[in-house]
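What follows is a single structure, written as structure tokens, with notes after it.
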Amino acid sequence: MADAWQVRVAGAASEIALADWNACAGPANPFAQAEFFRALEQSGSASVRTGWQPVHLVADGDDGTPAGIMPLYLKTHSQGEYVFDHGWSDAFERAGGRYYPKLQAAFPFTPATGPRLLLRDPASGPALIAAVQQITASNGFSSAHATFITPEQQALFQDAGWLMRTGEQFHWQNNGYGEFADFLGALSSAKRKQIRKEREKALAGLEIVHLTGAAITESHWDAFWTFYQDTGARKYGRPYLTRSFFSLISAAMGDRVLLMLALRGGQPIAGALNFIGDECLYGRYWGATEDVPCLHFELCYYQAIEWAILNGRSRVEAGAQGAHKLARGYRPTPVISAHFIPDPNFNRAIADYLARETRAVIDEIEYLDSHAPFRRAQG
């Protein structure tokens, strides 16, 4: 079936017509949209300079129209991926190999579950996977990776012989709640009291505003940029995204952006940036210039839950890591990535490691879920 498609490389998202890209991506996931990738690349956030060289694969049908796209980057490091393979690179290079560059199918800097194959015609999926395998092997690259894959696409990679890796995130699930009070009612009494106290403490003297679309101005982005830089500098050494990214994404797809700001006396002191999907609210970045107890929980978790309930979203993905989310109603959830390792010895070593790691991750998820804050009848 792969012979039915002509697979080519596009050196930038802008080389693919906007309508063609989005016809493959579909509307459900904001990060799959052409506008998101264009903003990343045109802002210089994902570029050769930052170690994210675009090499997107496009499978054209007989009429020359893209039937499938694999957003793909040639990486010279492992930053901004949130599935950590630094131990793999160290082992590969100690054995005399060269781990970088590698290929990465991902939403850059975004640990959100989503399609790694954007398929207008599902039959083009195996051709794209075969193409990335051929490029990896023929160029002597150590590996290719597809991270945070949707459940529907995992079998495509597994059937092609990719190694599957299980990780853990914390997602909030909407169990048919009509309002935030219904969610609180599903929790144990102690956790209800804790959350009420945290919200009261966080909101004292502050106003919370939700902004989307044209309501978000450049002054709002200037404020958020300050918050984002502060958080990035403290956690990662430098922020991944440039200031222009936020302006570009706001102009191109502002209706999919939800910016929550905490105001004191009308001035922003903290903010949380979310992206709106058809089924999910995706929490991405947060920062503050004033240290307010529990404000992080309020802006990033409780406001997101409240918005999702009122706007009919089935879940909230609040980003990578963070066992502290458990006490706020976010449950441990497995997330899956796929890895193509051409070298047979390295492949066997990674497969053995993943078998042991997967057991440990599943055990941890089961343990943490048994300590979720829900009343036993709801658990």
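The values are calculated or read from the model by the stated rules, or taken from the named source; none is laboratory data. Being a predicted model, the structure only gives us computed values, none of them experimental. Cβ placement follows ideal geometry from the backbone for every residue including glycine, while neighbour counts extend to all protein chains displayed. Protein only, heavy atoms only, side chains kept; ligands, DNA and RNA dropped before computing areas. Shrake-Rupley method; radii C 1.70, N 1.55, O 1.52, S 1.80 Å.
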Exercise for the section: Hey, could you check region 8-24 for residues that are hydrophobic (A, V, I, L, M, F, W, C) and closer than 14 Å to Leu72 by Cα and say which is surrounded by the fewest Cβ atoms within 10 Å (Cβ to Cβ)? Expected result: Val9
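Table: residues versus (1) among the acidic types (Asp, Glu); (2) more than 17 Å from the chain's Cα centre (by Cα); (3) open to solvent by less than 40 Å² (accessible area, probe 1.4 Å); (4) farther than 24 Å from Pro66 by Cβ.
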position: Ile129; (1), (2), (3), (4): no, yes, yes, no
position: Gln134; (1), (2), (3), (4): no, yes, no, no
position: Ser142; (1), (2), (3), (4): no, yes, yes, yes
position: His145; (1), (2), (3), (4): no, no, yes, no
position: Thr150; (1), (2), (3), (4): no, no, yes, no
position: Gln153; (1), (2), (3), (4): no, no, yes, no
position: Phe157; (1), (2), (3), (4): no, yes, yes, no
position: Leu163; (1), (2), (3), (4): no, yes, yes, yes
position: Gly167; (1), (2), (3), (4): no, no, yes, yes
Problem - Test result for Gly379, at pLDDT below 95 and either surrounded by fewer than 16 Cβ atoms within 10 Å (Cβ to Cβ) or touching a strand residue (DSSP E or B) at 6+ places or on another chain (Cβ under 8 Å) (or both) - result: yes
Completion exercise
Of (1) open to solvent by 20 Å² or more (accessible area, probe 1.4 Å); (2) of a type outside the set (Val, Ile, Thr); (3) free of Cβ contacts under 8 Å to residues at least 24 places away in the same chain, Ala34 satisfies every one except (1)
Exercise for the section: Answer with yes or no whether Pro334 is assigned to a loop (DSSP other than H, G, I, E, B) and open to solvent by 20 Å² or more (accessible area, probe 1.4 Å). Expected result: no
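Filter region 53-70 down to residues that are charged (D, E, K, R) and not in a strand (DSSP E or B) and give me whichever is most open to solvent (accessible area, probe 1.4 Å).
Our first condition is that a residue be charged (D, E, K, R); within region 53-70, this holds for 60, 62-63.
Keeping just the survivors that are not in a strand (DSSP E or B) gives 62-63.
On the way: Asp62: 159, Asp63: 117 Å².
Across region 53-70, the extreme among qualifying residues is Asp62.
Conditions tested, residue by residue: (1) touching a strand residue (DSSP E or B) at 6+ places or on another chain (Cβ under 6 Å); (2) small (Gly, Ala, Ser); (3) not in a strand (DSSP E or B).
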site	(1), (2), (3)
Ser247	no, yes, yes
Met253	no, no, yes
Leu258	yes, no, no
Leu261	yes, no, no
Ile269	yes, no, no
Ala272	yes, yes, no
Phe275	yes, no, no
Tyr282	yes, no, no
Completion exercise
Flagged in region 244-291 as buried (at least 16 other Cβ atoms within 10 Å of the Cβ) and of a type in the set (Lys, Arg), in numbering order, are Arg256, Arg284
Problem - Criterion: under 24 Å from the mean Cα position of the chain (by Cα), aliphatic (A, V, I, L, M) and under 17 Å from Leu163 (Cα atoms) - qualifying residue of Leu74, Leu118, Leu103 - result: Leu103
Problem - Inter-residue pairs, beta-carbon under 7 Å, first open to solvent by 50 Å² or more (accessible area, probe 1.4 Å) and in region 303-314, second among the aliphatic types (A, V, I, L, M), 6+ apart - result: none
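How many residues are in a loop (DSSP other than H, G, I, E, B), crowded, with 18+ Cβ neighbours inside 10 Å and out of contact with any Lys or Arg (no Cβ under 8 Å at 6 or more places or on another chain) if we restrict to region 200-223? Give the steps one after another, and end with the answer.
First, pick out the residues of region 200-223 that are in a loop (DSSP other than H, G, I, E, B): 204-206, 212, 216-217.
Then drop every residue that is not crowded, with 18+ Cβ neighbours inside 10 Å, which leaves 206, 216.
Retained after the next criterion (residues that are out of contact with any Lys or Arg (no Cβ under 8 Å at 6 or more places or on another chain)): 216.
Counting residues in region 200-223 that are in a loop (DSSP other than H, G, I, E, B), crowded, with 18+ Cβ neighbours inside 10 Å and out of contact with any Lys or Arg (no Cβ under 8 Å at 6 or more places or on another chain) gives 1.
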Problem - Pick from region 169-199, criterion under 24 Å from the mean Cα position of the chain (by Cα) and over 15 Å from Leu326 (Cβ atoms), ranking: surrounded by the fewest Cβ atoms within 10 Å (Cβ to Cβ) - result: Asn175
